[in-house]
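In what follows, a single structure is set out as C-alpha cells and then discussed.
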Amino acid sequence: MKPMTRNSIRIAGLLLCLLFTPLQAEVQVSIDRNPVQVNESFQLIFSLETVPDQEPDFTQIQQHFLLLDSSQSNSISIINGDYQRSTKYTLQLMPKQVGEYMVPAIRFGRERSKPFQVSVKPASMASLPHDQLVLELQADKVDAL
C-alpha cells in the first residue's frame, strides 16, 4: 500500500469537512391567504428541510397577533436511497387590529426565517354579527267539517 501524499491528505480532509459540515437550511414562510381580516383566523406556516437543533420562540409574533394554536409535524421520505427529513410548524393566528405588520425573522437554532409581511384589513360586512331575527308565528285552529 502506498503512503498518502500531502495533496491526497488535503483532499481527503477537505472531503471530510464537506461531509460533516451541515448546510444552512432555509426556512420557508407561507400563509394560507394574504390579506387577512380582523377577527378572522389564518395559518402561518414555517417549513424546514431539516429538523431544527432548537425549538423556535414565537413570542415576538404575539405583539400584533393572538396565537390561537400551534402544531409541529415531521416527515421522513426515502426515495431511491435519498433520505430527506422535513419539519413544519403551523401557527393559527388572529390579528389584533388593522394594519401592515412584519412578522419578524424567527430562529430555529442555526436556521432563521426571513421577515414576512401580513396585511390586515377591516372585517367585511358579511363577517360582522347582525341583529337578531325574530320570527313570530300565529296559528288558528280550523274545525274540519
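The values are calculated or read from the model by the stated rules, or taken from the named source; none is laboratory data. Because the structure is predicted, anything quoted here is derived from the model rather than measured. So basically every Cβ, Gly included, is an ideal-geometry build from the backbone, and we count neighbours across all protein chains shown. The area values use the complete protein model at the heavy-atom level, side chains included, leaving out ligands, DNA and RNA. Shrake-Rupley method; radii C 1.70, N 1.55, O 1.52, S 1.80 Å.
Here are some notes:
- When each of the peptides 90-103, 58-71 is scored by the mean number of other C-beta atoms lying within 10 Å of its residues, the order from highest to lowest reads 90-103, 58-71.
- Less than 5 angstrom separates the built amide H of Phe108 from those of Ser113, all sequence-distant by 5 or more or on a different chain.
- For segment 21-94, the fraction of 1.4 Å probe accessible surface lying on carbon and sulfur atoms is 46 percent.
- Using the 1.4 Å probe convention, the accessible area of segment 57-107 works out to 65 Å² per residue with neighbouring protein chains retained.
- Amide H partners (placed H, <5 Å) of Glu26, local residues excluded: Glu49
- With the whole protein complex present, Arg33 retains an accessible surface near 80 Å², based on a 1.4 Å probe.
- 3J(HN,Hα) along segment 26-37, derived from phi through the Karplus expression 6.51 cos²θ - 1.76 cosθ + 1.60 where θ = phi - 60°, amounts to 8, 9, 8, 10, 9, 9, 6, 6, 7, x, 10, 10 Hz, with x in place of Gly and Pro.
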